[in-house]
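**Q** Starting off with a structure, shown below.
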Amino acid sequence: MILNQAESLMLVSLAAAVLPSLSRLLRIPSPVMEILFGVILGKSFLHIQFSGEWIAFLAFLGFLLLMFHGGMAIDFSALLKQSMGQLFFHLLLFGTTLLLSLFSAIYLGKGVFIALVLATTSLGLVMPTLREMGIQKTPFGQTVLISASLADFLTLLSITFFILWRQHGIDWHFFSPLPLIVGFGILLWVGRLWAWWNPKQAEHLLGARDSQELGVRLSLALLFLFVAVSELVHIEPVLGAFMGGCVLSFVFREKGQLESKLSALGFGFLIPIFFINVGVQFDLSSILRPGQLSFTLKLLILSVIVKILPTMLLKFQRLSFKDGLRAGILLSTRLSLIIAAATIGLEEGLITSEIKDSIILLALLTCFLGPTLFKLFNSRC
């Protein structure tokens, strides 16, 4: 059944308003509920199709806002408090994860892109889980947050350079992101310097009484500025959106009010449309084929192994074996970034639609099981 543009917009808007309440009632993450709703509507069950350009446009805008929030979630204060030795250790953890992911991809008969997919995590789920448990400020919580932050940033950057290498090889195209990265660094420095010398103006931008919503305007302008520059240098817009969020997080350390306003816009409406659209494109029948089901099961098992084994190294940071196991379980949680990676991979022809569906199923399972098992394991420690 094909819905016209008005019907599509009405249905999705109503779902975006109602599904969060239903997810709280059922005690499952809102993105999971939104994806499952899309699964029921789409290729897997009711075969409803959205016509027109509105849903696709709003879903892509939600996608960009999701990555922008991912950048905002990175705690630069915690990163800058780390010594060089500690940062090197966290890079070692990520490198070990990436190496194990590469071996796993080879075992699955896939290439480097699947290795990068397996190396992802979900800072957007790790952080609220630690906050809910009240351990985000502990040495264990800070270690997990920093590992998740680096994994988010480095995997997205690696995916970008891998795609450029695959398309153009090692030529000037491969180095085209450098202007964006240099501009990113300059904005970090200039923005932080401005906030340092103008604390009242910075506080005004972040304040709840800003009637003109200058903070929201600045944030959205920053988002689209980085997206535009990304398009100009021919790299993925999601990397620009992510970097824009990083700039905002670095410049404004106390950004709670502003983050709340942006969350109202993003998670309140646009991001749910993206997740619903992801579910609509999901095809359960392709997963249920014997060969693909076996691949998905192996992918799920390996996605947990590549996170748990490296976190055993945390004993060198004076954390126990149980802490390493807890960290690995929570870091195996994946959602936004892995779905972003799957979307990019399908668009670039790096994976098939069947593999994308397997990755989405992996995201649904891990974002539900990871925090649940972590809380259960934490309560028994």
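**Q** Would you indicate which of (1) 57, 55, 37; (2) 55, 54, 44; (3) 58, 51, 50 is the value of Cα extents along the principal axes in Å derived from the coordinates of this structure?
**A** The value matching this structure is (3).
**Q** Continuing with this model, one more query. Projected onto the charge dipole of the chain (+1 at Lys/Arg Cβ, -1 at Asp/Glu Cβ, origin at the Cα centre), which of Leu218, Ile2, Val247 gives the Cα projection farthest towards the positive end?
**A** Highest projection toward the positive end goes to Val247.
**Q** For the chain, set up a GNM with springs between Cα atoms under 10 Å and report which of Val247, Val126, Val190 has the largest fluctuation.
**A** For the chain, modelled as a Gaussian network with Cα springs under 10 Å, the answer is Val190.
**Q** Please arrange Phe316, Phe282, Phe377 by accessible surface area, largest first, computed with a 1.4 Å probe and ligands excluded.
**A** The ordering from most to least exposed comes out as Phe316, Phe377, Phe282.
**Q** Treating only the Cβ of Lys, Arg, Asp and Glu as charged (+1, +1, -1, -1), what charge dipole size does region 1-152 show about its Cα centre? Round to the nearest 20 debye.
**A** 340
**Q** Moving on. What distance in nm separates the simple spin-label points at Met133 and Asp283, each placed 7 Å from Cα in the Cβ direction?
**A** 3.9
**Q** To the nearest 0.05, what FRET efficiency results for Met312 and Leu14 with a Förster distance of 51 Å applied to their C-beta separation?
**A** About 0.60, to the nearest 0.05.
**Q** Rounded to the nearest 0.05, what FRET efficiency do Ile28 and Lys81 have when you use their Cβ-Cβ distance and R0 = 30 Å?
**A** 0.30
**Q** Can you tell me which of Leu297, Leu193, Leu145 moves the most in a GNM of the chain? Springs connect C-alpha atoms under 10 Å apart.
**A** So, out of Leu297, Leu193, Leu145, the one fluctuating most is Leu193.
**Q** Please compute the net charge surrounding Ile235, taking Lys and Arg as +1 and Asp and Glu as -1 over other residues with Cβ under 14 Å from its Cβ.
**A** Charge balance in the 14 Å sphere: -3.
**Q** Along the charge dipole of the chain, pointing to its positive end and built from +1/-1 on Cβ of Lys, Arg, Asp and Glu, which listed residue (Val238, Thr160, Phe374) has its Cα farthest out?
**A** Working it through, the farthest residue towards the positive pole turns out to be Phe374.
**Q** Another question, then. Size of the dipole of region 224-381 about the Cα centre, Lys and Arg at +1 and Asp and Glu at -1 on the beta carbon, nothing else charged, in debye to 20?
**A** That gives region 224-381 a dipole magnitude of about 960 debye.
**Q** Here's a follow-up. Between Ile287, Leu123, His90, whose Cα lies farthest towards the positive end of the dipole of the chain when Lys and Arg beta carbons carry +1 and Asp and Glu beta carbons carry -1, centred on the Cα centre?
**A** With unit charges placed on the Cβ atoms, the residue in question is His90.
**Q** Could you give the DSSP H helices of the chain that reach 24 angstrom or more along their long axis (alpha carbon positions) and whose average Kyte-Doolittle hydropathy is no lower than -0.5?
**A** Both cut-offs are met by 5-26, 54-72, 84-107, 139-168, 178-197, 214-232, 290-311, 353-380.
**Q** Expected output is a single nm value to one decimal: the length gained when fully extending between Leu91 and Leu46, i.e. 0.36 nm times separation in residues minus the C-alpha distance. What is it?
**A** Stretched fully, the Leu91-Leu46 segment lengthens by 11.7 nm.
**Q** Now a separate question. Packing-wise, with mean Cβ within 10 Å as the measure, how do 271-280, 68-77, 12-21 rank, highest first?
**A** With the highest mean Cβ count within 10 Å placed first, the list reads 271-280, 68-77, 12-21.
**Q** Then there's this: Taking Cα centroids, how far is region 320-358 from region 225-286 in Å?
**A** Taking the Cα centre of each part, region 320-358 and region 225-286 sit 17 Å apart.
**Q** I've got another one for you. Using a cut-off of 26 Å between alpha-carbon atoms, which lysines can reach Lys81, once sequence neighbours fewer than 8 places away in the same chain are excluded?
**A** Within the straight-line limit of under 26 Å, Lys81 reaches these lysines: Lys137, Lys200, Lys255, Lys307, Lys315, Lys322.
**Q** Another question, then. Suppose every Lys and Arg Cβ carries +1 and every Asp and Glu Cβ carries -1, with no other charges. What dipole size does the chain come out with about its Cα centre, to the nearest 20 debye?
**A** The dipole magnitude comes to about 1360 debye.
**Q** Just from its helices, what would the mean residue ellipticity at 222 nm be for the chain, if runs of 4 or more DSSP H residues each count -39500 (n - 2.57) and the sum is divided by every residue, rounded to the nearest 500 deg cm²/dmol?
**A** It lands at -25000 deg cm²/dmol.
**Q** Which net charge results for the neighbourhood of Gly328, defined as the other residues with beta-carbon distances under 14 angstrom from its beta-carbon, given Lys and Arg at +1 and Asp and Glu at -1?
**A** Residues close to Gly328 contribute a combined charge of +4.
The values are calculated or read from the model by the stated rules, or taken from the named source; none is laboratory data. Being a predicted model, the structure only gives us computed values, none of them experimental. Reconstructed Cβ throughout: ideal geometry from the backbone, glycine too, with neighbour counts over all protein chains shown. In case anyone asks, the SASA skips ligands and DNA or RNA and just uses the protein heavy atoms, side chains included. Shrake-Rupley method; radii C 1.70, N 1.55, O 1.52, S 1.80 Å.
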